[in-house]
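Trainee: I have a structure I would like to understand better, so I am pasting it below and will then ask my questions one at a time.
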Amino acid sequence: MRQSFNLIITCILLTLSLVALSHNEHPLGRKQIPFESDENILRVLAYNFDFAGGGDFVTWRAPGGVEKRDSRECLVGPYFFFDVRDDFAFNTDEEITLELLFDREITEGFNLSYDQAVKPTVISREFKDTDARWHTEKVKLSRARFANRKYGKTDFAIGGLKSLFPADNSGGGHRIALCDLKISRDNKKSPTKITSDVRLTITNEQGEPTAARVGIYSSDGRAPLAAESALAVRRFNEEVRDLPLRTVPRAWPSVGRFTFYVDGSYETALAPGRYTMVISKGPEYRLNIREFEISNNGPKSIDVKLERWMNMPAKGWYSGDDHIHIKREDPAANKGIMAFVGAEDLHLSNLLQMANVTTWHFPQYAFGNSGHYIKNDRAIIAGQESPRTSHRGHTIGLNGKRFHWPEKDYFLYDKTADQIHADGGLFGYAHVAIDGFNVSWGLALDVPLGIVDFLEMLQMGVLNTEYLYDFLNLGYKLLPSAGSDYPYIHIAGAERVYAKVGNTFSVDRWFNAWRNKRSFISNAPVIEFQINGDHEAREYELNSGESISIVAEADVNPDFDQLERLELVIHGAVVATAGRPASGSVLKLTHTTKAEESIWLALRTYGANGTVAHSAPVYIYVDGNKAFWNKENAEGLALKYIDILNTLKNSEPTLKEEWERFNVENDVLPKWHQSKPTLDIDIDRAMEKYRSIIETARGESRPIK
């Protein structure tokens, strides 16, 4: 009873806080704009972000609006979305023409992304050959679909040449001035009206109904729109059924990129013809690929039994995604979210309530045990992405007991980290993989202060080892982590952490295993290894001269990739490599050395199609010395991070780098200046840590702290 009462109070307080704080209810700053142009344009919206449009768009500027330019009413701003009237064009597959009039005083060119029949597509134009102020461009949109599949159920978007990620703040090109727009259908086609019913059933290797991701494609890559029986998946503040993929495994059978999710069964109606279907359930299952034909002879039933490539839980390994954003204001949402993440075969899904200096988004109805939803060996839990600023990095708090939002000291990340650690949770940095949001400044400060547990160093298909290796070589223990950042970047589970949990899964056991046992990060491959015959420990104590024998294997689902090399890294340097074998898919590496000094080591593997995996570091202490650092490189690394801290100390946030300027414009600088005196003290403390390392590396008196 007491727990239920506490949950009710938590929900009430969270709701009241959201009402008080929220300046903009949409995490992408959605804004509807009253712009009149072609009668077939129903709505115009502004968003600050679009990684699902065939390019990576971030506006880095305030939202646009309508301005008068020499008696013309023009759309002026960084990025606009357009909703075409469905009675003019919906679910088409034909060439559609746009005629666009721009004011060249502002517009240097444009990017145009649109809902295409096969995959999201971008057309870029730079204006070079005209000095006239008013410039008209005709754009032919090949195979335009216009099925309301862009954000806000829109069909195409137009933005500045430099409304891209990463930011380019030089010169112009960040905005457009669009003063007229006309749309026409050149060769209107009538849709096929004859269809036949199709019933799909999907089971796992035990023959039990299971959730999965499905793509159905005609020979030219067109995907029929998902039917109502598909899962409604939460994407930002809307529910959708059709989702595009940024990347696909190497065996993906089609050029098509639109998919949908089902929870064991699916019913739809398809036009006559031949189709290719691909069903996936994460990297541990083989892709199920088949062709089928639809005729006019009545309903068709298709039964699919998925096959495993590898059963990682049977070996004690369970996967987790540290970075998913799905609004979960009520426990009723759990069932649908669980089907979605289960379709990607995730076992631990961290749903992050996300904040900036002004407000937060993707609220969770409860934190701690009250916010856990567990079904068999899968769990959904609440976490946070906060503090989160473009000036000193985005951070993640996992497995905390409540949401920590320091209104007055937002730039003092250690205050939030201390609260999360007091809860028994972990604190780390997001987007380390893509070196985003001045993350080096945050890491340079917070790692030596001892508040960072993990680095999200695999994301967007990018593995970035620089910061992990730097800080390990300076003597700081850190865990590699990985996250999809759904729905901003990838599908949930595209990048994941595997922890060696053992025979029984639970949330506590998963986090304990990640902290203290073996783990690796991956976007498909698996790595396992033994040290002196042991395949469990993360730390070893040896005597000088003892043998260190390392036997490692890496493999990947052949539908996803083929591995090229497996590497053993000691102190950041590759000391042994295994290449592609003459037969089979498993890469095997054996290396023997002598214990001479305390070290850290790790394994990493790379595939031909962009898949990667990296193990958590293992620490080997020799003769009782637990200083596993790289003494030879430590001074140079310490000087590097002292320079970074000096840059941070003399810096000031600029609105041009703000990811969510629409929210934070009035709050960033005041809160920065409020925190800066204390921040300077923390910077001095961190620099003293680095100076201590330098003195120790030079053989002077002070020890590493």
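The values are calculated or read from the model by the stated rules, or taken from the named source; none is laboratory data. Just so we're clear, the structure is a prediction, and the values are computed from it rather than from any experiment. Positions of Cβ are generated from backbone atoms using ideal geometry, with glycine treated the same way; all protein chains shown enter the neighbour counts. Each accessible area value is taken on the protein alone, full model and side chains, heavy atoms only, with ligands, DNA and RNA left out. Shrake-Rupley method; radii C 1.70, N 1.55, O 1.52, S 1.80 Å.
Trainee: At pLDDT 95 or above and over 30 Å from residue 106 (Cα atoms): does that describe residue 203?
Mentor: Spelling it out, residue 203 is indeed at pLDDT 95 or above and over 30 Å from residue 106 (Cα atoms).
Trainee: Let me ask another. So, in the stretch 62-98, exactly how many residues are within 22 Å of residue 153 (Cα to Cα) and among the charged types (D, E, K, R)?
Mentor: The total comes to 7.
Residue-by-condition table, conditions (1) buried (at least 22 other Cβ atoms within 10 Å of the Cβ); (2) modelled with pLDDT under 95; (3) in a helix (DSSP H, G or I):
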residue	(1), (2), (3)
342	yes, no, yes
352	yes, no, no
369	no, no, yes
381	yes, no, no
417	yes, no, yes
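Trainee: Then there is this: Within the stretch 222-248, can you find the residues that are small (Gly, Ala, Ser), free of Cβ contacts under 8 Å to residues at least 40 places away in the same chain and surrounded by fewer than 17 Cβ atoms within 10 Å (Cβ to Cβ)?
Mentor: 229, the sole residue that qualifies.
Trainee: So residue 197 fits all but one of (1) at pLDDT below 95; (2) within 22 Å of residue 142 (Cβ to Cβ); (3) of a type outside the set (S, T, N, Q); (4) in a strand (DSSP E or B); what number is the exception?
Mentor: Failing condition for residue 197: (2).
Trainee: Within the bounds of the stretch 39-54, is there any residue that is modelled with pLDDT under 95, outside any strand (DSSP E or B) and closer than 19 Å to residue 109 by Cβ?
Mentor: Yes, the stretch 39-54 contains at least one residue that is modelled with pLDDT under 95, outside any strand (DSSP E or B) and closer than 19 Å to residue 109 by Cβ.
Trainee: Still on this structure, please answer the following. Charged (D, E, K, R), open to solvent by 60 Å² or more (accessible area, probe 1.4 Å), in contact with a Ser or Thr (Cβ under 9 Å, 6 or more places away or on another chain) and at pLDDT 95 or above - does that describe any residue in the stretch 604-622?
Mentor: no
Trainee: Still on this structure, please answer the following. Of everything in the stretch 470-487 that's crowded, with 22+ Cβ neighbours inside 10 Å and among the hydroxyl-bearing types (Ser, Thr, Tyr), which residue is farthest from residue 634 (Cα to Cα)?
Mentor: 486
Trainee: Report every pair of residues separated by at least 6 positions or lying on different chains whose Cβ atoms are under 8 Å apart, first residue within the stretch 325-337 and in contact (Cβ under 8 Å) with a residue 24 or more places away in the chain and under 14 Å from residue 367 (Cα atoms), second open to solvent by 50 Å² or more (accessible area, probe 1.4 Å) and assigned to a loop (DSSP other than H, G, I, E, B).
Mentor: 327/237
Trainee: Of all residues in the stretch 326-340, which are within 19 Å of the chain's Cα centre (by Cα), in a loop (DSSP other than H, G, I, E, B) and among the charged types (D, E, K, R)?
Mentor: Passing the criteria: only 327.
Trainee: Just checking, how many residues over the stretch 23-78 are crowded, with 19+ Cβ neighbours inside 10 Å, in contact with a Lys or Arg (Cβ under 9 Å, 6 or more places away or on another chain) and among the charged types (D, E, K, R)?
Mentor: Qualifying residue count for the region: 2.
Trainee: Then there's this: Could you go through the stretch 543-552 and let me know if any residue there is hydrophobic (A, V, I, L, M, F, W, C), farther than 24 Å from residue 313 by Cβ and either at pLDDT below 95 or surrounded by fewer than 18 Cβ atoms within 10 Å (Cβ to Cβ) (or both).
Mentor: Taking every residue of the stretch 543-552 in turn, none turns out to be hydrophobic (A, V, I, L, M, F, W, C), farther than 24 Å from residue 313 by Cβ and either at pLDDT below 95 or surrounded by fewer than 18 Cβ atoms within 10 Å (Cβ to Cβ) (or both).
Trainee: Same structure, new question: Can you list residue pairs whose Cβ atoms sit under 8 Å apart, with the first residue in the stretch 510-535 being closer than 28 Å to residue 286 by Cα and the second being in a helix (DSSP H, G or I) and hydrophobic (A, V, I, L, M, F, W, C)? Count only pairs 6 or more apart in sequence or on different chains.
Mentor: 519/513
Trainee: Out of the stretch 354-367, which residues are in a strand (DSSP E or B) and of a type in the set (Phe, Trp, Tyr)?
Mentor: 360
Trainee: So residue 314 passes all but one of these: (1) over 22 Å from the mean Cα position of the chain (by Cα); (2) more than 21 Å from residue 209 (Cα to Cα). Which condition number does it fail?
Mentor: Just one mismatch for residue 314, condition (2).
Trainee: Residue 297 - would you say it is open to solvent by 50 Å² or more (accessible area, probe 1.4 Å), part of a loop (DSSP other than H, G, I, E, B) and either at pLDDT 95 or above or among the aromatic types (Phe, Trp, Tyr) (or both)?
Mentor: Criteria not met by residue 297.
Trainee: Those residues that are in a loop (DSSP other than H, G, I, E, B) and either without any contact (Cβ under 8 Å) to a residue 40 or more places away in the chain or open to solvent by less than 10 Å² (accessible area, probe 1.4 Å) (or both), I need them from the stretch 435-452; list them, please.
Mentor: Of everything in the stretch 435-452, those that are in a loop (DSSP other than H, G, I, E, B) and either without any contact (Cβ under 8 Å) to a residue 40 or more places away in the chain or open to solvent by less than 10 Å² (accessible area, probe 1.4 Å) (or both) turn out to be 435, 436, 447, 448, 450, 451, 452.
Trainee: Let me ask something else about it. Evaluate the stretch 628-647: report whether one residue or more is of a type in the set (S, T, N, Q), open to solvent by less than 20 Å² (accessible area, probe 1.4 Å) and closer than 30 Å to residue 544 by Cα.
Mentor: Checked against the condition, which is being of a type in the set (S, T, N, Q), open to solvent by less than 20 Å² (accessible area, probe 1.4 Å) and closer than 30 Å to residue 544 by Cα, the stretch 628-647 yields at least one hit.
Trainee: Mind telling me which of the residues 420, 374 ends up being more than 28 Å from residue 669 (Cα to Cα) and out of contact with any Asp or Glu (no Cβ under 6 Å at 6 or more places or on another chain)?
Mentor: Testing whether each residue is more than 28 Å from residue 669 (Cα to Cα) and out of contact with any Asp or Glu (no Cβ under 6 Å at 6 or more places or on another chain) leaves just 374.
Trainee: When you go through 113, 142, 124 one by one, which is the residue that is touching an Asp or Glu at 6+ places or on another chain (Cβ under 9 Å), assigned to a strand (DSSP E or B) and either modelled with pLDDT under 95 or surrounded by fewer than 20 Cβ atoms within 10 Å (Cβ to Cβ) (or both)?
Mentor: 142
Trainee: Counting just the residues of the stretch 154-186 that are of a type in the set (Asp, Glu) and crowded, with 16+ Cβ neighbours inside 10 Å, which one comes out farthest from residue 50 (Cα to Cα)?
Mentor: 180
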